[in-house]
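Taking it in order: structure first as structure tokens, then the write-up.
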Amino acid sequence: MSIIKEKLFTEFEVPTTQDWLDKIQVDLKGADFNKRLVWRTNEGFNVQPFYRREDVLKMKTPDALPGEFPFVRGNMKMDNAWYVRQDIMANDAKEANEKALDILNKGIDSLGFKIPSRQVSTEFIEELLKGIHCDVVEVNFSTCQRKSIELAEILKKYFDKQGYDKNLVVGSINWDPIKKMVMKGKDVTSMLSLAAQLVDTLKDYPKFRCITVNTIDLNNAGAYIVQELGYALAWGNEYLHQLVEAGVDVDLAASKIKFNMGVSENYFMELAKFRAARMLWAQIVKQYEPGDDDYCKMCVHAITSIYNQTLFDSYVNLLRSQTEAMSAALGGVHSMVVTPFNVTYEKPTDFSERIARNQQLLIKEESHFDKVVDPGGGSYYIEHLTESLAVESWKIFLKVEEEGGFLTAVKAGTIQDDINTTNAKRHGDAAKRKEFILGTNQFPNFTEKSDGKREAGIDCNCCGHKDEHHNEAAFKSIESTRLAADFENLRIHTEETKVPMAFMLTIGNLAMRQARAQFSCNFLATAGYKVVDNLGFKTVEEGVDAALNAGADIVVICSSDDEYAEYAIPAFKYLDGRAMFVVAGAPACMEDLKAAGIENFVHVRCNVLETMKEYNQKLGI
């Protein structure tokens, strides 16, 4: 067999990178390689169309081993198992307990309880955890930040009372006062001094974490991947530094920090993000000189994003969250929550929660994502993404440190400004369809109605009520607005006011008229317009008459650029203001058409959102 292999290798000449580049340049027929094939990412670096072994030989990441410092290849050596988690709003202890016991029989092995502050008591916790073996199931808790120490003391006494092996209790308390400063601008600096006391309360439970970094909120506010990662490192370092300064042993401090991170739709980039995150966090903790490299491990809980979820065509959310769950699993996270597909417009139902659970179980039990450690390791592409994300996010981390640390930067508002700028840019890109939202700004369902769906309020973890701004903010805050919200609001407004009909007057060149009719239908349907396509008309008069007989509010002429010079002006004059007239495209004769009084054009360079708002205004909607 070895002889055969050697013969095969010698029979084929090994192409060099330059050979590949020369071949690509021939196929491009003179087109610019960098413009056509090199992807300039939002993360601040370029992605080449192909990678070879020589591209990763200079990297250190491929030499790393699973379960060993700097943990780029994962925290575990033998498998890639993660906790399948579901969160429960625990307003009533008995009901929450019954739900928890039920879902534990349906594949869940990690529970997240959101407890209103008024319910934090020994009796409540005992009722809530009745029948739940906390030395087998991971248990996580969120409550009011000011009640977290009391909750920790209650949990400690409960665990001791149950006689659990302290090394087998796995879980967390979501204590993160800095989050309120970042997201809401509230000054809760005084609470930071409680961190050391909280850690000390749970020091005997080595796998129970209680200091949390919630960059999931940055993700849901539109942050780019390098922003979430860079700020996660600075955020975590702020807590670690404060704990060590307060006299907490670095080993204990590092072992109590947990990262709740989001997962967006960029499949390979998100996978690489978790690899880069572990590597960089390990390097940060290492500088504090822990007693063992194991304390440098980063514990990441992943939550699929809400930022890209939609109210219309909501089942597409399942596709988004499924790829996100795959990224997180292959990226080697500790635990994961898949966000139910309907959370944007209603309280998750039993059905949507079941589907969300099964999305994880599918990749775990049927696709065996939990069996192979770091399957992306060694991939030239993924190794490149890992290193590039690490480099760019490290720049953000260093910038924050130069500003005096994460807390100082939050008080100055630089982090909030950065995320808000990104959010605004992404909304602008979505309006121009530079960033696609399937079913919203691209390929909307023409016939779908909102059926009363409206943006759902977000429950506050502290109290179980919708979060309200009771006090004036001391610092800048972050605006969290889903990417699809602008289009959804426009579409709902149209639906509630008047749904106009747009009629495609297709004429001339068959291929061009069909392509432009399809483009125009998708364009106008983003605002909920009723669109009527047609096979074609022999004359513009025939087309206009058909449109008016159908009761059209808008007539869209669809033809080729050359033929618009022949058809557009006669059609416009024949229509004579009886409906809005739109030309599909940006033909060379556009200025001549404008001179004749034609003012509406739809094409790829349009800002779709602003154009549709303008059309609504013209139609009195």
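The values are calculated or read from the model by the stated rules, or taken from the named source; none is laboratory data. Treat the numbers as computed from the prediction; the structure is a model and nothing was measured. Virtual Cβ from ideal backbone geometry, glycine too; neighbours counted across all protein chains shown. Surface areas here come from the heavy atoms of the whole protein model, side chains and all, with no ligands, DNA or RNA. Shrake-Rupley method; radii C 1.70, N 1.55, O 1.52, S 1.80 Å.
Just give me the residues in the stretch 425-440 being open to solvent by 60 Å² or more (accessible area, probe 1.4 Å) and in contact (Cβ under 8 Å) with a residue 24 or more places away in the chain, in sequence order. Walk me through how you get there before you give the answer.
Keep residues of the stretch 425-440 that are open to solvent by 60 Å² or more (accessible area, probe 1.4 Å), which gives 425, 432, 434, 436, 438.
Listed by number, the residues that qualify are K432, L438.
Picking from residues in the stretch 255-295 that are outside any helix (DSSP H, G or I) and either in contact with a Cys (Cβ under 7 Å, 6 or more places away or on another chain) or without any contact (Cβ under 8 Å) to a residue 12 or more places away in the chain (or both), the one that is nearest to L243 (Cα to Cα) is K256.
Let's see how each residue does on (1) open to solvent by 40 Å² or more (accessible area, probe 1.4 Å); (2) in contact (Cβ under 8 Å) with a residue 40 or more places away in the chain; (3) more than 30 Å from A485 (Cβ to Cβ); (4) among the aliphatic types (A, V, I, L, M):
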position: D533; (1), (2), (3), (4): yes, no, no, no
position: A586; (1), (2), (3), (4): no, no, no, yes
position: N607; (1), (2), (3), (4): yes, yes, no, no
position: M612; (1), (2), (3), (4): no, yes, no, yes
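Residues in the stretch 128-174 that are among the aliphatic types (A, V, I, L, M), open to solvent by 10 Å² or more (accessible area, probe 1.4 Å) and out of contact with any Leu (no Cβ under 9 Å at 6 or more places or on another chain): 3 in all. Restricting attention to the stretch 330-360, the residues that are open to solvent by less than 20 Å² (accessible area, probe 1.4 Å) and in contact with a His (Cβ under 8 Å, 6 or more places away or on another chain) add up to 4.
Looking at A221 and the list (1) touching a helix residue (DSSP H, G or I) at 6+ places or on another chain (Cβ under 6 Å); (2) touching a residue at least 40 places away in the same chain (Cβ under 8 Å); (3) in a helix (DSSP H, G or I), which single condition is not satisfied? With (1) touching a helix residue (DSSP H, G or I) at 6+ places or on another chain (Cβ under 6 Å); (2) touching a residue at least 40 places away in the same chain (Cβ under 8 Å); (3) in a helix (DSSP H, G or I) applied to A221, the lone miss is (3).
Of all residues in the stretch 361-382, those satisfying the criterion of being part of a loop (DSSP other than H, G, I, E, B) and loosely packed, with under 15 Cβ neighbours inside 10 Å are S367, H368, K371, V372, G378.
Selection of the stretch 560-578 for residues being buried (at least 18 other Cβ atoms within 10 Å of the Cβ) and either in contact (Cβ under 8 Å) with a residue 60 or more places away in the chain or touching a Pro at 6+ places or on another chain (Cβ under 6 Å) (or both) yields Y564, Y567, A571.
Can you find, within the stretch 296-312, the residue that is farthest from A276 (Cα to Cα) among those that are within 15 Å of the chain's Cα centre (by Cα) and not in a strand (DSSP E or B)? Ranking the qualifying residues of the stretch 296-312, first place goes to T310. The set of residues in the stretch 228-263 that are in contact with a helix residue (DSSP H, G or I) (Cβ under 8 Å, 6 or more places away or on another chain), within 20 Å of K395 (Cβ to Cβ) and open to solvent by 10 Å² or more (accessible area, probe 1.4 Å) comprises Y231, N237, E238.
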